[in-house]
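Data block below; observations after.
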Amino acid sequence: MAEYDLVVRNGTLATASDVFRADIGVVDGRVVTIGAKVGAGRREIDAEGRIVTPGGIDSHCHIAQRSSMGVMTADDFFTATRSAACGGTTTVIPFAAQYRGMSLRQVVKDYHACADRKAAVDYAFHLIISDPTEQVTGQELPALIKAGYTSFKIYTTYDALKLDDRQILEVLSTARRERALVMVHAENHDVISWLSEKLLAAGHSAPRFHGMAHAPIAEREATSRAISLAELVDVPILIVHVSAREAMEQIRLAKSRGLKVYGETCPQYLFLTADDLDRPGFEGAKYMCSPPPRDKANQEVIWQGLVTGVFDVFSSDHAGYRYHDPEGKMKHGRNAPFKKVANGVPGLEVRTALLFSEGVGKGRIDLPKFVSLSATNAAKLYGLYPRKGTIAVGSDADLAIWDADKEVTITQSKIHDAMDYTPYEGMTIRGWPITTLVRGEVVAEGGEFVGAAGKGCFLKCDISPATAPLGRRTIAFDPATGSAESSKHVDRAQ
Ligand code: URP
Ligand code: ZN
Ligand code: ZN
């Protein structure tokens, strides 16, 4: 009689700490045994010659979300998670986005209505806070954090989302009290709008000028400011989608000072450049995202940030808007000025394979580092570990089985999202997750989706240990309690 529902046999397992040969026994969707020659399974997968990693966790993607400019993403929860599954990603953490005047509780209900019978892989939600009223910070957020929404994103730019510094302090202080993780989109809004106005007034409206308006200095300033505000409040933060040396150096400096500042980067900053924004006609719109892709030198800098630990997570920031679609990039016409083009690029399906091919395959990172960046660290930061993000007894049997030698030429016709282009069209990579399992069920096999809508489960996130404050004060006053202390306990900011 079979001892296990499933056995994955003879694979080379890679976790964030080790690479070793073993079989995996699965019962009821969980890993129950890891070892040599485990007993029989009702289903067996022979992974001889394959690498078995934890399923990827894409902790930054926009699904069924209306952008700050009012454009709906192309993907709903089914197409996005189908695409994730085919790219070896078994958990996604998209956003439940609050716009001003909205109740956060209602926002969360609305996103659940979009996701709950559609998702094909497991999912959690980050919140986007654009209206931190007393009701939100005092009541809604604490209740939602207790209910498993333990991270939220704030913006320093976009008219519809941007918080001022005072609001950021209020949100950071709520996060410290409730032990939530704040993700920051860090770009200086006034720099971008001022530069945009000047560019447009001079007749420079093509997509490439989006790249100029979103100057690296704007990213650096907002990153440094966010870090300073977080240091004042003594709360960990995560700077998302870092594109360039300037912002990256701020994170490296903060880490070297012992601050709990985490960093995220994305494929578009390793594989795209400002030249893509300058493609003929309106084509550059396909590559417009914020912050924008920079130059070749910055790609190398971002790789170094991945190698040296400045970046903790590698996410897609999948925000797909179709190109030939009046509801997509061309909503305001086929030659719309850059300010009117929806920001975002797709990348859910190719994220892990790009990092595997150009990171592991080219010898820049080893397999454990690949696993940490594509799965484990996100699980730890967002309170899903060890249920997700590793292969261990007791963890969900979320697995990606890799053919490290398979050559794939990326093309949109083979991608399973709802987009009509991929920014990585024509790129040949080596290594592909040929089988993906969510809780022991095969959801993608040989490049085809074999899962089903509604099989993905909602995941409540725990409070992450990563959110623990340092206990370092930079002023002799605790704004949360109102207590003034002797200044001898103060750590001077350096
Ligand atoms: O351009 C981007 N990144 N669009 C998605 C929204 C965001 O800011 O992450
Ligand atoms: Zn963002
Ligand atoms: Zn984003």
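Values in this text are rule-based calculations from the coordinates and carry no lab data. From a predicted model like this one, the values you see are computed outputs, not experimental measurements. For neighbour counting, all protein chains shown are included, and Cβ atoms are generated from backbone atoms with ideal geometry for every residue, glycine included.
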- Provide the per-residue ³J(HN,Hα) series for region 260-271, in order, calculated from phi with Karplus coefficients 6.51, -1.76, 1.60 and θ = phi - 60°, each as a whole number of Hz, with x at glycine and proline positions. 8, 10, 9, x, 10, 9, 9, x, 4, 8, 9, 10
- Item | Cα-projected label distance for ASP131 with ALA476, points at 7 Å along beta-carbon direction, nm | 4.2
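Multiplying the sequence separation of GLU283 and SER483 by 0.36 nm and subtracting their Cα-Cα distance, what value in nm do you get?
Values: separation 200, 0.36 × 200 = 72.00 nm, distance 5.67 nm.
Additional length available on full extension: 66.3 nm.
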- Query: For region 108-154, what D do you get in µm² per second when you plug the Kirkwood radius from alpha-carbon pairs into Stokes-Einstein at 25 °C and 0.890 mPa s?
  - Reply: 210
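Based only on Cα atoms, what Rg/Rh ratio does region 147-281 have, Rh being taken as Kirkwood's radius? Please report the intermediate quantities before stating the final value.
Numbers: Rg = 16.0 Å, Rh = 15.8 Å.
Value, to two decimals: 1.01.
Kirkwood Rh over Cα pairs of the chain into Stokes-Einstein at 4 °C, 1.567 mPa s: D in µm²/s? Intermediate results must be reported in sequence, preceding the final value.
Working: Rh = 22.8 Å.
Approximately 57 µm²/s, per Stokes-Einstein.
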- If amide H atoms are modeled at 1.01 Å from N in the peptide plane, then the residues at a separation of 5 or more from ILE434, or on another chain, having amide H under 5 Å from its own are ILE401, TRP402, ASP403
- Compute the signed sum of charges (Lys and Arg +1, Asp and Glu -1) over the other residues within less than 9 Å, Cβ to Cβ, of LEU348. -3
- Message: Going by Cα centres, region 43-104 and region 337-362 are how many Å apart?
- Response: 13
- Message: Could you tell me the extents of region 214-254's C-alpha atoms along the three principal axes, largest first, rounded to whole Å?
- Response: 28, 16, 15
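What net charge do the residues around LEU470 carry, taking every other residue with its C-beta under 12 Å from that of LEU470, with Lys and Arg at +1 and Asp and Glu at -1?
Values: positive: ARG176, ARG257, LYS260, ARG472, ARG473; negative: GLU231, ASP234, ASP491.
Result for the neighbourhood of LEU470: +2.
Filter the cross-link list LYS146/LYS388; LYS109/LYS340; LYS109/LYS153; LYS153/LYS339; LYS255/LYS380 down to pairs whose alpha-carbon distance in this structure exceeds 24 Å. Before the final figure, lay out the partial values.
Values: LYS146/LYS388 19 Å; LYS109/LYS340 29 Å; LYS109/LYS153 18 Å; LYS153/LYS339 22 Å; LYS255/LYS380 18 Å.
As for pairs spanning more than 24 Å Cα to Cα, those are LYS109/LYS340.
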- How big is the gap, in Å, between the Cα center of region 403-452 and the Cα center of region 298-317? 23
- Message: Could you compute Rg(Cα) / (2.2 N^0.38 Å) for region 176-250, with N its residue count?
- Response: 1.30
- How many nm is it between the label spots at VAL307 and GLU448, if each spot is 7 Å from the Cα in line with the beta carbon? 4.1
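Can you give the FRET efficiency for GLU197 and PHE20, using 1/(1 + (r/R0)^6), R0 = 41 Å, r = Cβ-Cβ distance, to the nearest 0.05? Intermediate results must be reported in sequence, preceding the final value.
On the way: r = 58 Å, r/R0 = 1.40.
Rounded to the nearest 0.05, the efficiency is 0.10.
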- Message: I need the Debye-formula profile for region 384-494: one equal scatterer per C-alpha, no solvent, reported as log10 I(q)/I(0) at q = 0.11, 0.15, 0.18, 0.22 1/Å, two decimals.
- Response: -0.64, -0.83, -1.04, -1.28
- Query: Just the projected area, averaged over all directions, of the convex hull on the alpha carbon atoms of region 83-129: how many nm²?
  - Reply: 3.3
- Note on the structure: Lys and Arg at +1, Asp and Glu at -1: neighbours of GLU358 with Cβ under 11 Å from its Cβ sum to +3
- Mean separation of Cα contacts under 8 Å (6+ apart) over length of the chain, as relative contact order %: 22
